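To keep things clear, I will list the structure first and then write my remarks on it.
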Amino acid sequence: MISRFFYTLTLIFVLTIANGQEWKIFNSEEGEFSVMSPGMMEKKRAFLTTEIGEIELNTLYYHQTDTSGNFLYLINFYELPEETIPPDSTDLAMEFLLNTMDQAVSDIGGDVQYNKEISLGKHPGLLWRSKSEKQIVKSRAYVINNKFYMLQVFSIPRKSLNNDVDRFLESFTLRPS
């Protein structure tokens, strides 16, 4: 019985080292959300002038040093200018999310492999997977009240189907205000 316990403990330790990652919960006070991350998220902030006005873009990311699989975990979020998308307009929110998907796919010079409407509680969202010559990007985006959130995982094509992609994307939860 004791040897089985030590064997199990050793196996867990070896698998953790082999995987090289210890996933932890990352809390964003500014974004009012939590997400599971394979490492410490770094922060950047930028001010951009867009078609909907000036926005303060918050970016959180974790970049893998080992680029043999998932090499970038990314979250972008910002406040939408007032009345950009009224809270009761799911059609307008979905149009915004589809335009966001088109722009994100264009940015990597890729094609959409699939997309699907999703939600987070009562808030509209969009899930999509895009592919370019050098990378696969799986993304989730949401319009939540007056905020926009987009989570993405960038992978090399031959290693893009792995549990860590969904582990990151599906762990996104809103924190109580």
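Nothing in this text is a laboratory measurement; each read-out follows from the coordinates by a stated rule. The structure displayed is predicted, hence computed values, not measured ones. Methodologically, a virtual Cβ is constructed for each residue, glycine included, from the backbone with ideal geometry; neighbour enumeration extends over all protein chains shown.
If you fit an axis through the alpha-carbon atoms of helix 2-19 and take the longest principal axis of the Cα set of the chain, what angle between them do you get, 0 to 90°, nearest 10?
Computed tilt is about 40 degrees.
How much net charge surrounds residue 89 when only the other residues with a Cβ under 14 Å from the Cβ of residue 89 are counted, with Lys and Arg +1 and Asp and Glu -1? Provide the component values of the computation, followed by the final result.
Values: positive: 122; negative: 82, 83, 88, 91, 95.
Net of charged neighbours comes to -4.
Restricting things to alpha carbons, find the Rg to Rh ratio for the chain using the Kirkwood radius for Rh.
Rg divided by Rh gives 1.03.
Could you identify which residue out of 104, 141, 46 has the top mean-square fluctuation in a GNM of the chain using Cα springs shorter than 10 Å?
46
Can you compute the helix-only [θ] at 222 nm over the chain? Use -39500 (n - 2.57) per DSSP H run of at least 4 residues, normalise by all residues, nearest 500 deg cm²/dmol.
Result for the chain, helices only: -8000 deg cm²/dmol.
Dipole of the chain, Cα-centred, from +1 at each Lys and Arg C-beta and -1 at each Asp and Glu C-beta, to the nearest 20 debye?
With only Lys, Arg, Asp and Glu charged at Cβ, the dipole is about 1060 debye.
If you line up the long axis of helix 90-107 against the longest principal axis of the chain, both from Cα atoms, how many degrees apart are they, to the nearest 10?
60 degrees
In whole angstrom, note down how far apart the Cα centers of the range 106-177 and the range 36-101 are.
10 Å
Kindly list the residues of the range 23-58 that lie in the label zone of residue 83, defined by a backbone N under 20 Å from the point 7 Å along the Cα-to-C-beta vector.
Only 50-56 fall inside the zone, counting backbone N under 20 Å.
Could you give the length gained on full extension between residue 43 and residue 63, defined as 0.36 nm per residue of separation minus the Cα-Cα distance, in nm?
6.0 nm is the gain from fully extending residue 43 to residue 63.
Do me a favour and compute the ellipsoid semi-axes for the range 90-162 from its Cα gyration tensor, root of five times each eigenvalue, largest one first, whole Å. It would help to have the intermediate numbers written out before the result.
Values: eigenvalues 106, 30, 17 Å².
Over the Cα atoms of the range 90-162, the ellipsoid semi-axes are 23, 12, 9 Å.
For residue 159 and residue 103, compute 0.36 nm times the residue count separating them, minus their Cα-Cα distance, and round to one decimal in nm. Provide the component values of the computation, followed by the final result.
Values: separation 56, 0.36 × 56 = 20.16 nm, distance 2.42 nm.
Working it through step by step, the gained length comes to 17.7 nm.
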